[in-house]
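Read-outs throughout are calculated quantities, based only on the coordinates presented, and are distinct from any laboratory measurement. A quick note: this is a predicted structure, and the numbers were derived from the prediction, not measured. With ideal geometry, Cβ positions are generated from the backbone for all residues, glycine too; neighbour counts draw on all protein chains shown.
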Amino acid sequence: MIDPRLQKEAILRVGEVTEVTGRKISVTVDKDKNLSELFFDGDLIRNVAVGSYIDIRKGFFSLIGKVDGEFARPDFAQDSAASKVPSAKRSLSISLVGYVDRSGKFFGGTKELPLVGNEAFLLTSERVHQIHSLVTKDAIAMSVAISDYEGFEISLPVDGLMNSHIAVFGNTGSGKSNTVALLYKSYIAAMRQRNATAFNRNVRVLFLDFNGEYSRPDCLTSEKRVYNLSTRHDQGDKIPLSTAGFFDFETIAILSDATEKTQRPFIRRSLELANRIWGGEDSLGHFQNILRQQITQILKMTDKERAFLLIDYLRQVLPENVNAGLVLPIDHDLEWHNVSAQFVTANGTYPQTSPASILNTEIYRRTGDFQFSEDIIHDFISICYVQLIWDVLSNRAQNEHIAPVINKLKSKQADIRKVFDPRNVGDIFSQNVVVLNLHDVNIEMKKTLPLLIAKRVYQEQKDRADTPSALSLVIDEAHNILSYESSRESEAWKDYRLETFEEIIKEGRKFGVFVTISSQRPSDISQTITSQAHNYFIHRLINSRDLQSIATAVSYIDKITEESIPTLPTGTCIFSGMAGQMPMKLAMKALQDWEQPKSTTRKLSDVVPFEDDDLFNLDF
């Protein structure tokens, strides 16, 4: 009687190792195993071929290799009459991808090399499932993909994948948006099923959505907060921004594009002045007294150019006085006496020698009409002008260096009002899953807002890092803000933006911050950021620079897999990273129509519908 185990091994055997050169192995295939399929126990088994896996037995170890290529090796028959006529033996070029130890557990990487003469076998279905299994017994699983090798379902682990930095790359239409939505929909559903209360309290997910793809009601989850922001009108949603949140040095510096050496110190001095004014019991009276002190010094000046420059600054702060439909200038009762180089009032008095006359000037009386507005941005700009006046009076700063930062803040004032609500002191995470829809936001604010919000939530997560908490920051179309080739902004501002996100992705993991970036142009993104990702989902990429970027960042992807990237079908990707033992080709599951992100290709047949009646009544 034939031993069934020996019979099985005889059928599954494909050949033996004939050459070992580092990780590159050559296996010569037995002559009777050159068919494309084999029959075993009534089942049709795929024979070994390029892209398939092979099991090389070395004692109690099973070394798992991937077939990179095959070739014909000449074989001269020595015992036949036609000994000089060459025949060909089929040989396989193998790269080792992992091994199965004595306990039957699969590990990626190379621990041992085979010996010449070791037998090579086809993988059984149990072994195929074993090397593709990424989820341990007690782990939280997300069923999101189908194996492209044998067509069975593959689950990805929450721990190992979602608590890591993830990069999703692919050309437009390759399926990367579906992959991002599928991963986070499965993650949110799995965690809420495990413990909804703890998930909602401890885990935050923030999507920076540049094209409005994830704002549909059932995309990701129905329990989310979507901020549909707009800089074109005032009807868009507004992000909560408390006074404390706005009066943060980094926040103001970002909004005003302040330079490092001159403008940032000025912003810091302005914030200190604001804190002194608003920190007292009578903030309005304090501010009015400061204006009176400055006006007194200005009207006693002998430098005409500087004096009128400072009056122009006061014109930005003091309220207008409209009389009979005409605006009354704050300096209408002041003139400059060129001979004596000083101001003279309408009454003919000289403030320099008669300080009491200052009290009767229009500009001095106007200080009593000043009131703070309900707009903290407008009020802070007024404080900036007051600080600038102090700096000019004390020769600490020059107008041409400081005025641009105030003008920049003023130019953004309208856009800031449209996307932020400074009177709302609530948390941006009114629900723990938040989508910021930036589709209707202008380009300048598209670069400023993500940086501002990312810094804010990153700092908040750092403050609660000692608690069991996590923050997932998802940046869709990441090349919009992580590109190092942008020509729309200064080098200093671009460097600061990139350094900020590089810090988040390099240091955030220890604080429970995990970043997911999705882009169709990985070559445009800072290599520091792409190389810091732990797990990659690589969809179809065609551009040579993008492919080179992937080859540089993902060092553990094999050559055959890398060469298949330009021909991947829609929805199929190469998954490689720390959550898996080896690179795998996955067909990501398609979401239902109502759950998909708003990124599907528009059909021209839907744009121009078919008209039956008109088609058959054409007058030729």
_If Rh is defined by the Kirkwood formula over all Cα pairs and Rg also comes from Cα, what ratio Rg/Rh do you get for region 104-216?_
1.06
*Once you have the alpha carbon radius of gyration of region 374-419, what is it after dividing by 2.2 N^0.38 Å, with N set to its residue count?*
1.25
*How do ASP391, ASP606, ASP159, ASP440 rank when sorted from fewest to most other Cβ atoms within 10 Å of their own Cβ?*
ASP606, ASP159, ASP440, ASP391
*Answer rounded, prolate or oblate for region 454-575, using the Cα gyration tensor with square roots of eigenvalues a ≥ b ≥ c: rounded when a/c is under 1.5, else prolate when a/b is larger than b/c, else oblate.*
oblate
*If you put +1 on each Lys and Arg Cβ and -1 on each Asp and Glu Cβ, how big is the dipole of region 112-159 around its Cα centre, in Debye rounded to 20?*
40
*Taking each pair of different alpha-carbon atoms in the chain once, compute 1/r for the pair, average those values, and report the inverse of that mean as the Kirkwood hydrodynamic radius in Å to one decimal.*
29.8
*With point charges of +1 on the Cβ of Lys and Arg and -1 on the Cβ of Asp and Glu, referenced to the Cα centre of the chain, which listed residue (ALA307, VAL392, LEU122) lies farthest in the positive direction of the dipole?*
LEU122
*Could you pull out the GluC sites (Glu not before Pro) across region 294-389 that fall in loop regions by DSSP (anything but H, G, I, E, B) with no more than 16 other Cβ atoms inside 10 Å?*
GLU320, GLU374
*Tell me, what is the Rg over Rh of region 257-411, with Rh the Kirkwood radius over Cα pairs?*
0.97
*Could you tell me whether region 355-394 comes out rounded, prolate or oblate from its Cα gyration tensor? Rule is a ≥ b ≥ c as square roots of the eigenvalues, rounded for a/c under 1.5, then prolate if a/b exceeds b/c, otherwise oblate.*
oblate
*Taking the Cα centre of the chain as origin and charging only Cβ (+1 Lys, Arg; -1 Asp, Glu), how large is the dipole, in debye to the nearest 20?*
1560
*Charge dipole of the chain about the Cα centre (unit charges at C-beta), most positive-ward option of PRO597, VAL513, VAL344*: VAL513
_Those aspartates and glutamates that a straight Cα-Cα span of less than 15 Å connects to LYS418, excepting residues fewer than 8 apart in one chain_ = ASP234, ASP237, GLU374, ASP375, ASP440, GLU444
*Starting from the Cα of LYS510, draw a straight line to each of the lysines and keep only those under 18 Å, dropping any in the same chain fewer than 8 residues away.*
LYS455, LYS462
*Set of aspartates and glutamates with alpha-carbon distance to LYS105 below 17 Å, sequence-local pairs under 8 removed*: ASP55, GLU126, ASP138
*Which value, in debye to the nearest 20, describes the size of the charge dipole of region 257-411 about its Cα centre when Lys and Arg Cβ atoms bear +1, Asp and Glu Cβ atoms bear -1, and nothing else is charged?*
420
